[in-house]
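See structure below.
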Amino acid sequence: QVQLVESGGGLVQPGGSLRLSCAASGSIFSINLMGWYRQPPGKQRELVAAITSGGSTNYADSVKGRFTISRDNAKNTVYLQMNSLKPEDTAVYYCRADVTLSVYWGQGTQVTVSS
């Protein structure tokens with residue numbers, strides 16, 4: 001079992017920045033991949049960024065150059081630094097951990113970009 005707790009969401013003006021955190025606990029040694037997904041109002045959940053246990057990263061085209069995913073292995077935490085935020089980035093952001101034959105999700109954190 002893996003438990004994920006997200007934090008760092010909130011309300012920010014267009015052009016602003018936020019940093020999301022996802023703290024993992026439990027069977028963290030089994031995690032192969034961690035990622036951030038988001039679900040805008042009325043839309044499907046989509047991949048934002050992912051990072052492998054080896055540190056390789058992948059980003060959605062819509063966030064490339066603005067968002068950065070990183071991990072602190074000592075703290076078992078994955079971060080999503082979000083810069084130059086746009087209103088279309090408004091969504092509930094979820095952390096996800098992939099282990100062999102299973103997937104775990106956090107509870108989600110709301111990010112609202114509005115003036």
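What tally of residues in segment 13-49 results from selecting those that are open to solvent by less than 20 Å² (accessible area, probe 1.4 Å) and aliphatic (A, V, I, L, M)?
So the answer is 6.
Checking ILE51 against (1) touching a Lys or Arg at 6+ places or on another chain (Cβ under 6 Å); (2) touching a residue at least 60 places away in the same chain (Cβ under 8 Å), which test does it fail?
All conditions pass for ILE51, except number (2).
From the list LEU101, LEU85, LEU80, which residue is open to solvent by 40 Å² or more (accessible area, probe 1.4 Å) and of a type outside the set (Lys, Arg)?
LEU101
Consider only pairs whose beta carbons are under 7 Å apart and that are at least six residues apart or on different chains; among these, list those whose first residue lies in segment 72-90 and is on the phi > 0 side of the Ramachandran plot and whose second residue is surrounded by fewer than 17 Cβ atoms within 10 Å (Cβ to Cβ) and part of a loop (DSSP other than H, G, I, E, B).
SER84/GLY15; SER84/ARG66
The values are calculated or read from the model by the stated rules, or taken from the named source; none is laboratory data. What you are looking at is a predicted structure, and each value in this text was computed from that prediction instead of being measured. Reconstructed Cβ throughout: ideal geometry from the backbone, glycine too, with neighbour counts over all protein chains shown. Ligands, DNA and RNA are excluded from the accessible area calculation, which covers all protein heavy atoms including side chains. Shrake-Rupley method; radii C 1.70, N 1.55, O 1.52, S 1.80 Å.
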